[in-house]
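**Q** Take a look at the following structure, please.
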Amino acid sequence: MKKNYDDFDGFIVNVFFDEDGDYLAHLVELPNVSAFGATPAKALDELKTAWELMKECCQMDGEPIPKAPSRNGYAGPFNISVDAQLYHALADEAANAGMSLYALVTQKLKSTEAVIQEG
């Protein structure tokens, strides 16, 4: 289970059942910040504590607190290869909607953003 939690300042959290019979929660972009629990909820609670302690350590050492890549405000080109059938289907849909292919794909990606954040 992967999810982006506001409790973790935009970092993506991964929770899974490990081979020892515990749940392990960690920050995907900072895998060294992790915690175990008997349930997914307990692992997340422990991870929150670990994350808060890490931030305190950074502050005490005068180091910057890591920033989640999702909070960097990226914008710009996004190139991806697709097969010819998908390309033609998208190009046809864009033409029928009276918009560019890039505008259509951007619109589709934005519409999935809300689903990802809800999930």
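The values are calculated or read from the model by the stated rules, or taken from the named source; none is laboratory data. The structure displayed is predicted, hence computed values, not measured ones. When we count neighbours, we look across all protein chains shown, and the Cβ atoms used for this are built from the backbone with ideal geometry, even at glycine.
**Q** Determine the pairs where a residue that is free of Cβ contacts under 8 Å to residues at least 40 places away in the same chain and closer than 16 Å to LEU109 by Cβ, located within the stretch 85-98, has a partner that is part of a helix (DSSP H, G or I) and small (Gly, Ala, Ser) with Cβ atoms under 9 Å apart, the partner being 6 or more residues away or on another chain.
**A** The qualifying pairs are ALA94/ALA103; ALA97/ALA103.
**Q** Kindly indicate the residue of the stretch 64-109 that is part of a helix (DSSP H, G or I) and at pLDDT below 80 and also surrounded by the fewest Cβ atoms within 10 Å (Cβ to Cβ) among those meeting that condition. If you could, list the steps in order and put the result at the bottom.
**A** Restricting attention to the stretch 64-109, the residues satisfying the condition of being part of a helix (DSSP H, G or I) are 69-71, 84-97, 101-109.
With at pLDDT below 80 added as a condition, the list becomes 69-71.
On the way: PRO69: 12, SER70: 13, ARG71: 10.
Top of the filtered list is ARG71.
**Q** Still on this structure, please answer the following. I'm trying to understand the selection: among the residues of the stretch 21-44, which are of a type in the set (D, E, K, R) and closer than 25 Å to ILE65 by Cα? Can you show your working first?
**A** In the first step, residues of the stretch 21-44 are kept if they are of a type in the set (D, E, K, R); the result is 22, 29, 42.
Answer for the stretch 21-44, where residues must be of a type in the set (D, E, K, R) and closer than 25 Å to ILE65 by Cα: GLU29, LYS42.
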